[in-house]
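Asker: Take a look at this one; I'll ask things after.
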Amino acid sequence: MLADGMQTVELRKWRVRSDPDLTREAYARIDAGAAETCGCEECFNFAAARHLVYPPDVLELLEWLGIDPLLEGDVERRGCLEPGMHAYTVWFYLVGEIDSGPATVIAQSGGRTTSSLEDAGEGVGVGFCSDASGAPDAFGGLPVIQIAIGVSAPWVSNAPEPLDA
Ligand SMILES: [Zn+2]
């Protein structure tokens, strides 16, 4: 399945095989990103700020993996960093397999759950996750993994800003 267009990505503790051509074909069948389809204010804000959050290196990585940065599979606001700036984690599906490295970006240490994203510079964290059970139909029948990206996004929505810690 991954024989032809397969490429290997080495990112810190992960080695991942991906098929950017099949990934691109899947994204061509997806209409909207999760930030648009969710409907909540926090996702709406992310959609409005999306063009500000990814540094060039991360956009290059997504492009290389065949991922359309407008079509995230999931997005979650994690908290307020300071007034006007919020931490979000974004997930994208891609066709591929994790060759070596952790199967999840969630780390358990001393009974606490922490994220184990690798620093990708400019305050952005990146990691891979083998659980792709929520992948859209566009990926049907393909081996799928997720890339998780932790970013900071400004609050640009007119809706009241959530100022939780
Ligand atoms: Zn939402």
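Asker: Relative to the present Cα-Cα distance, how much length would full extension add between Ala159 and Glu60 at 0.36 nm per residue of separation?
Answerer: Contour length minus the Cα-Cα distance gives 32.5 nm.
Asker: Using 5 Å bins from zero, what percent of all Cα-Cα pairs in the chain falls into each bin?
Answerer: Per 5 Å bin, starting at 0, the Cα pair percentages come out as 1, 9, 18, 22, 20, 15, 9, 4, 1, 0.
Asker: Next question. For a Förster distance of 35 Å, can you work out the FRET efficiency between the beta-carbons of Ser116 and Arg29, rounded to the nearest 0.05?
Answerer: 0.65
Asker: So if we plug the beta-carbon distance of Arg12 and Glu82 into 1/(1 + (r/R0)^6) with R0 = 22 Å, what FRET efficiency do we get, rounded to 0.05? Spell out each step's value before the answer.
Answerer: Values: r = 27 Å, r/R0 = 1.23.
According to the calculation, E is roughly 0.20.
Asker: For the chain, what is the calculated [θ] at 222 nm in deg cm²/dmol (nearest 500), taking -39500 (n - 2.57) for each run of four or more DSSP H residues and dividing by its residue count?
Answerer: The helix contribution divided over the chain gives -6000 deg cm²/dmol.
Asker: In a Gaussian network model over the chain where Cα atoms closer than 10 Å are linked, find which of Gly150, Gly141, Gly125 has the largest mean-square fluctuation.
Answerer: For the chain, modelled as a Gaussian network with Cα springs under 10 Å, the answer is Gly141.
Asker: Using alpha carbons only, how many angstrom separate the centre of the range 55-109 from the centre of the range 114-165?
Answerer: Using only Cα atoms, the two centres lie 3 Å from each other.
Asker: Identify, among Phe46, Val58, Leu11, the residue whose Cα sits farthest towards the positive end of the charge dipole of the range 7-154, taking +1 on the Cβ of Lys and Arg and -1 on the Cβ of Asp and Glu, with the dipole about the Cα centre.
Answerer: Leu11
Asker: Counting only residues 5 or more places away or on other chains, whose amide H sits under 5 Å from the amide H of Leu81 once H atoms are built in the peptide plane?
Answerer: The answer is His86, Ala87.
Asker: Considering the chain as a Gaussian network with a 10 Å cut-off on Cα pairs, which listed residue, Gly127, Gly110, Gly73, attains the greatest mean-square fluctuation?
Answerer: Gly110
Asker: Would you please give the residues with an amide H less than 5 Å from that of Leu11, counting only those at least 5 places away or on a separate chain, with H modeled from the backbone geometry?
Answerer: Residues meeting the criterion, in which the H sits 1.01 Å from N, are Val16.
Asker: How far, in nm, would the chain grow between Ser133 and Ala48 when pulled straight, counting 0.36 nm per residue and subtracting the alpha carbon separation?
Answerer: Working: separation 85, 0.36 × 85 = 30.60 nm, distance 2.73 nm.
So the extension gain works out to 27.9 nm.
Read-outs: derived from the displayed coordinates by stated rules, not from any lab. What you are looking at is a predicted structure, and each value in this text was computed from that prediction instead of being measured. Please note: Cβ atoms are built from the backbone with ideal geometry, for glycine as well, and neighbour counts cover all protein chains shown.
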